[in-house]
Every structure is written in C-alpha cells, then in structure tokens.
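The values are calculated or read from the model by the stated rules, or taken from the named source; none is laboratory data. Everything numeric here is computed off the predicted structure, so don't read it as measured data. Methodologically, a virtual Cβ is constructed for each residue, glycine included, from the backbone with ideal geometry; neighbour enumeration extends over all protein chains shown.
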Amino acid sequence: MNILLETAAIILFGSGVLFMLVGSLGLLRLPDFFTRTHASGKVDSVGMMLCLGGLALHEGPTLSGLKLVLVIAFVAVSSPVAAHALARAAVRSGLKPWRAPGQGGPDR
Amino acid sequence: MESLYTPLAAFLALILLPPLYRVLRGPTVFDRLLGASVIGNKTIVISCLFGFAFGRIEMFLDIALGYAILNFVGAVAIEKYFSSEEASR
Amino acid sequence: MRTPSRSLVVVLAARGLAPAIQLFALYVVFHGHYSPGGGFQGGVLLAASFVLVRLAEGYGAGQHQIPRRAGLLLGVAGVLLFGAVGAAAFLTGGNFLDHGRVPLPGFAPADLRSLMILVIEVGVAITVAAVLTAIYDELLGDEDDA
Amino acid sequence: MRTPPVAGPFAPARRVPLGLVVQGLLLMALWLALSGMYDAFHLGLGALSVVCVLWLNARLRRARPIGPGRTEVHVLRFVAYCGWLLGQIVLSALHVAAVVLTPRMPVSPRVVRFRSDQPNDVARMLLACSITLTPGTLTVEVDADEFTVHALTGATARGLLDGTMQAKVARLFSDGPGRAVYDVRWEEG
C-alpha cells in the first residue's frame with residue numbers, strides 16, 4: 001500500500017515536471033504572446049498542480065498535506081485569473097493576436 | 001522519493017532558463033511578464049521541494065503560499081496598469 | 001463597441017480571495033513564534049489583500065473596506081500600541097520592551113513575555129498594513145476611480 | 001463566494017444572513033487547516049481573526065453587492081463539476097503538449113466570440129475561469145453575456161463551442177438554464 005502510494009506520488013510528480021518542461025519549451029517556440037500564454041501559463045500551471053499533488057500524496061494525510069492541497073486550490077483559482085488579466089491587458093493596449101498565414105474562420 | 005529531491009529541484013531550476021530568456025528578450029512587455037509569472041510558478045514548486053529536502057515542510061509551505069498570494073496580487077496590479085495606460089509598449 | 005473598464009473575473013476573484021488572504025495574513029501574524037513570519041510579513045499580506053480589492057474594483061470600493069482616514073489612524077494606533085507595550089515595563093522600573101515586568105497581575109513572567117510579544121506583533125502588523133495601504137492611496141488614489 | 005439575500009429598502013438591515021454564517025464556517029475551517037494548534041488560546045485567536053475578516057468584507061459587500069440572481073451553488077454538482085473539469089484539463093493539456101512537441105507546430109490561433117446565457121455573475125466568472133484553466137483556450141474578455149476566447153487550435157475552439165461546459169456551469173446555479181452557446185462569431189483578421 002505504502003509502495004503503491006509512493007509510486008503514484010512519483011508518477012504524479014514526474015508527469016508534472018514533464019508538463020512544466022513542455023510549458024517552458026512552448027514559451028520558447030510559440031510565435032506570439034497569446035499562444036505563449038496557452039503553452040506556458042496553463043500547461044505550466046497544470047504541471048505545477050500535478051507536482052504539488054504528487055508532493056501531497058507523498059506527505060500523506062497530515063496537516064502539511066492539507067496545506068499543499070490549499071496551495072493547489074489557491075493556484076487553481078489564481079492562475080486563470082492572472083492569465084486572463086494579462087491577456088486582457090494585452091488586448092486593451094492594442095496587441096494583435098498572431099495568425100497563421102492563410103487561416104481564419106471555423107474550419108482548420 | 002527522498003533521494004530525488006535534489007535532482008528534481010536542480011532540474012526545475014534548469015527549466016527556469018527558457019522563461020528567463022523570455023524575460024530578457026521578449027518582444028513585448030507582456031512576454032516579459034509572462035516569463036516572470038512562469039518563473040514565479042516554478043519557484044513555488046521548488047520551495048515546496050526544499051521544504052521536503054530540509055525537513056521543514058510546514059515552514060516552506062507557508063512561504064510558498066505567501067509567495068503565491070503576492071504573485072497573484074502583482075499580476076492584477078500589472079493588468080490594472082497596462083489596461084489603463086493606452087498604447088504602452 | 002463598449003467594453004467595461006473592469007474585468008468581472010478579476011473583481012469576483014478579488015472578492016472571493018481577499019477574505020482567505022486576510023485570514024492567512026492573520027495566521028502569519030499570530031503564529032510568528034513557530035513558523036516564518038510575524039508582524040511585518042503578516043502586515044504586508046494584509047495590505048496586499050486591501051490593495052487587491054482597490055486594484056480590482058477601484059479606489060471607491062476599497063474605501064468601504066479600509067477608508068483612507070482610518071488607514072492613517074490605524075497606522076498611528078499600531079505605533080502607539082507598540083510604544084505603550086514597550087513603555088509599560090517602566091511602571092515597575094524595567095527597561096523598554098522588558099516584557100516580563102509589564103504590570104499585568106495573574107501571569108507568570110514567561111507567559112507574560114510571549115503574550116506581550118504577540119501584542120507587539122499585532123501593533124507592527126496594523127502599522128505596516130495601514131501604511132502600505134495609505135501609500136497606495138496617496139500614489140494613485142482617486143484618480144483611477146473610473 | 002455567497003451573497004446574502006439582496007436587502008430591499010424595507011428589509012431588516014441588521015439580521016445575520018445565512019451566507020455570512022457559511023462563510024464564517026469556511027474561514028474557520030481554513031484557519032484550522034492552517035494553524036495546526038488546537039489549544040484554547042489559538043482557537044480563540046482564530047475565532048477573533050475570522051470575525052475581523054468577516055467584518056472587513058461584510059461592509060464591502062453591503063456597499064457593493066454582487067449582481068442580481070441567486071448565487072447559491074449546488075454543492076454536490078459543484079464537486080462533480082470539479083472532477084469533470086480536472087479530467088478535461090488533463091486531456092487538453094495533453095493536446096497542447098502534443099501540439100508544442102510536434103516539430104512543425106500545427107498551431108492556428110483564432111479568436112472567437114460567443115454568447116452564453118448564465119444565471120449570474122458568479123457563473124460567468126466560473127465559466128471564464130474554467131475556459132482559461134483548460135489549456136488551449138483563453139478568455140480574453142467577458143462583457144455581460146459575451147465571451148471573447150482566444151483558441152490555440154481549431155480543435156480546442158470546436159471543443160469549447162459544443163456547449164458542454166457552459167451548460168454544466170449554468171446547471172450549478174439553476175435548474176432551467178438558457179441557451180448554452182449561441183451567436184458564435186469568428187474574428188476576421
């Protein structure tokens with residue numbers, strides 16, 4: 001049982017780190033601010049929540065585990081709000097989204 | 001898992017480099033801010049890891065929570081600033 | 001097309017998170033003995049929550065939470081609390097901030113010391129929160145109230 | 001995030017609304033989770049802090065109530081919704097990760113506006129946050145009923161526009177939701 005929990009924690013944490021890596025790569029590769037917000041701001045916060053969830057599993061049902069869950073909850077509320085606020089500010093200050101050449105409209 | 005704390009923290013610190021590049025080079029100011037917020041996110045995870053590594057988890061968790069709060073308030077402040085200043089680049 | 005000057009998402013998030021942030025700030029103040037923090041850090045977090053409400057909803061809404069005048073008065077009150085607790089030891093001939101000699105009957109000196117440190121932390125927190133909020137108000141007070 | 005019933009001009013002003021009690025209990029639970037010290041002294045400090053926080057925010061809430069409409073959440077539906085959202089988030093995080101890792105990076109960002117009937121402002125905020133939290137879609141603006149969303153690929157945009165999430169959010173607050181998604185417009189470059 002203990003081994004199982006520990007394995008689950010390591011898997012969660014590892015996948016979180018992978019998501020963070022992907023988020024960082026996306027931050028480098030994607031073409032403009034809005035697309036980078038998709039990759040970094042959110043793939044990254046998903047990775048972060050997975051990491052903290054793994055740590056919470058590792059800690060087990062103690063007070064610190066509960067606090068880790070609190071941190072996750074706070075990030076789950078605050079990170080979309082922060083991303084929205086930043087994107088909204090960008091739009092309002094006149095930043096235009098990048099478009100792939102020759103694309104637009106509903107179909108891919 | 002205990003033996004993994006330090007390598008994982010080192011790896012996370014390594015992943016901080018791409019956002020740092022964005023902070024330094026980002027074409028617009030929003031790219032820089034985005035990079036900064038990503039660095040903030042990773043700092044939270046790293047400080048939790050440090051808590052485990054040093055065996056003072058409750059202390060580092062408080063730090064992480066406070067850091068997350070200030071990060072969020074900072075993001076809202078920046079939104080306020082740039083949506084009131086028109087055409088600031 | 002009309003666009004609202006304030007984001008609904010940010011306003012409601014500030015409404016929802018501000019109480020939690022304030023409670024966490026008070027926790028940091030009151031548990032300064034055992035975990036990092038204490039008066040200054042707690043005061044900063046408290047000020048962050050007040051500034052968050054002012055940022056999200058504008059200066060006018062923040063006035064309903066901590067009015068500008070009350071902010072300055074609280075800043076003074078916090079310093080006075082600190083000074084009063086520190087000077088209370090003079091009454092029994094102790095030194096400044098010699099908490100064991102504060103004339104409160106019914107406490108052992110050790111208990112008295114930790115209690116008075118807590119009161120001082122509260123004074124520091126009140127001052128820091130009030131002064132930081134007042135600085136925000138003075139810098140970009142009513143002009144941003146769209 | 002509950003509001004007391006909107007007080008009319010003749011409503012008694014000084015009764016304690018149920019929402020305040022619930023909020024106080026939630027804050028006390030938060031204190032217990034944070035504090036970890038359960039002696040009388042620290043519990044008393046906790047109660048004092050909760051009262052201070054409630055007082056600070058009740059004044060703000062009385063002065064500026066959150067818009068009209070009932071904002072009580074169906075708790076069980078909310079828990080179920082959180083679970084569903086978690087699954088969606090992981091799925092679309094995998095999608096975005098795949099997009100980023102593909103060498104030629106098939107992104108085709110686009111901006112889409114749509115309207116959605118939601119019972120109140122809290123529902124709108126929850127919907128906007130859910131959209132943003134799902135990787136691949138990003139709420140840029142919320143203006144009354146109208147949501148402006150930036151999507152990373154066509155697939156994520158279509159996934160959003162099938163209306164599942166909107167209907168689920170509306171059902172958290174009321175039983176007879178209106179139209180989930182209508183008046184869809186694609187921003188032309």
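Based on what the data block shows, is B:Leu12 over 27 Å from C:Ala56 (Cα atoms) and either outside any helix (DSSP H, G or I) or within 9 Å of chain A (Cβ to nearest Cβ) (or both)? Please lay out each step first, then the result.
Values: over 27 Å from C:Ala56 (Cα atoms): yes; either outside any helix (DSSP H, G or I) or within 9 Å of chain A (Cβ to nearest Cβ) (or both): yes.
The answer is yes for B:Leu12.
Of everything in the stretch A:26-38 that is among the hydrophobic types (A, V, I, L, M, F, W, C) and within 7 Å of chain B (Cβ to nearest Cβ), the residue that is surrounded by the fewest Cβ atoms within 10 Å (Cβ to Cβ) is A:Leu28.
If you take the residues of the stretch B:26-58 that are part of a helix (DSSP H, G or I) and out of contact with any helix residue (DSSP H, G or I) (no Cβ under 7 Å at 6 or more places or on another chain), which of them is nearest to C:Gly32 (Cα to Cα)? Reasoning before the result, please.
Kept after step one, since they are part of a helix (DSSP H, G or I), are these residues of the stretch B:26-58: B:29-54, B:57-58.
When the remaining residues are screened for being out of contact with any helix residue (DSSP H, G or I) (no Cβ under 7 Å at 6 or more places or on another chain), the result is B:29, B:54.
Details: B:Val29: 38, B:Phe54: 20 Å.
Ranking the qualifying residues of the stretch B:26-58, first place goes to B:Phe54.
Kindly check whether there is at least one residue in the stretch C:83-100 that is surrounded by 15 or more Cβ atoms within 10 Å (Cβ to Cβ) and within 29 Å of C:Arg6 (Cβ to Cβ). No, the stretch C:83-100 contains no residue that is surrounded by 15 or more Cβ atoms within 10 Å (Cβ to Cβ) and within 29 Å of C:Arg6 (Cβ to Cβ). Among the residues of the stretch D:98-124, how many are without any contact (Cβ under 8 Å) to a residue 12 or more places away in the chain and crowded, with 19+ Cβ neighbours inside 10 Å? The number of residues fulfilling the criteria is 1. Of all residue pairs spaced 6 or more apart or on separate chains, those with beta-carbon atoms under 6 Å, a first member in the stretch A:21-45 that is in contact (Cβ under 8 Å) with a residue 12 or more places away in the chain and a second member that is of a type in the set (Asp, Glu) and in a helix (DSSP H, G or I) are A:Gly23/A:Asp44; A:Phe33/B:Asp31. Taking the conditions (1) under 17 Å from C:Ser7 (Cβ atoms); (2) touching a Lys or Arg at 6+ places or on another chain (Cβ under 7 Å); (3) more than 8 Å from every other protein chain (Cβ to nearest Cβ) in turn, D:Ala151 satisfies each one other than (1). If the condition is being within 11 Å of chain A (Cβ to nearest Cβ) and closer than 16 Å to D:Gly136 by Cα, then the stretch D:99-122 contributes D:Val99, D:Val100, D:Leu101, D:Thr102, D:Met105, D:Pro106, D:Val107, D:Ser108, D:Pro109, D:Arg110, D:Val111, D:Val112. As a summary of the residue check, A:Cys51 satisfies the conditions (1) modelled with pLDDT under 85; (2) touching a Gly at 6+ places or on another chain (Cβ under 7 Å) except for the one numbered (1).
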